[in-house]
Amino acid sequence: MRLCVAIVVFFPLFLAVGATSSSPDMFPPISGLSLADLRDTFEEVHNGHRHEAIDLLEPRGTPVHAVVSGTIRKLFLSKPGGNTIYEFDETGVYCYYYAHLEGYAEGLREGTRVERGDVIGFVGSTGNADARVPHLHFAIFELGPERQWWKGKAVNPYPRLVDAVKRAQ
Ligand SMILES: [Zn+2]
């Protein structure tokens, strides 16, 4: 009887823990960021589209870090995004998108497993970015049940970037 009570009490707790682990604390994608470097431009219209991302203006060649542990699902040279990385988290719930990269970290391949904080690429201005304003375009997508890298619901990364920067300070 006592055991049954324990299960009833703790079951919702396990569910809550599971939900939290699907959205893990992020490592800052750029080292040494301060809150002043973050601007919430998620809702802004850029090139006729809702931006749905945050831009981090950094010198060309600045290392870009994986914000969570996971798997490189796609490396893709796209016309708007330039050199891009699509990283899935360990649970395959979220996709983290890094764009306009100057290049990828040596040896990075589709399927490479990365740890939170690993250098995966370098800031640049490839794609439709202004060559005079190198930056990291960073986005988060909530993946659908099919886990397709090209299909997801954009989630505003701003609050999670603020948390990541605060924790790193
Ligand atoms: Zn952008």
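The values are calculated or read from the model by the stated rules, or taken from the named source; none is laboratory data. The shown structure was predicted, so the numbers you read here are calculated from the model rather than taken from an experiment. Reconstructed Cβ throughout: ideal geometry from the backbone, glycine too, with neighbour counts over all protein chains shown. Please note that ligands, DNA and RNA were not included when accessible areas were found on the heavy atoms of the full protein model with its side chains. Shrake-Rupley method; radii C 1.70, N 1.55, O 1.52, S 1.80 Å.
Taking the listed residues L75, L56, the one that is within 16 Å of the ligand (Cβ to nearest atom), under 24 Å from K153 (Cβ atoms) and not charged (D, E, K, R) is L56, with no other qualifying. Taken over the stretch 53-78, the criterion of being assigned to a loop (DSSP other than H, G, I, E, B) and at negative phi is satisfied by A53, E58, P59, R60, T62, A66, V67, V68, S69. Pairing residues of the stretch 150-169 that are over 15 Å from I54 (Cβ atoms) with residues that are at pLDDT below 95 and assigned to a loop (DSSP other than H, G, I, E, B), at Cβ distances under 7 Å and at least 6 apart in sequence or on separate chains, gives K151/G144; G152/G144; R167/D25. Note on the stretch 87-144: enclosed strands (runs of 3 or more DSSP E) holding 1 or more residues that are open to solvent by 20 Å² or more (accessible area, probe 1.4 Å) and within 16 Å of the ligand (Cβ to nearest atom) are 94-104, 135-143.
Of the listed requirements (1) open to solvent by 70 Å² or more (accessible area, probe 1.4 Å); (2) more than 22 Å from P24 (Cβ to Cβ), R73 misses just one: (2).
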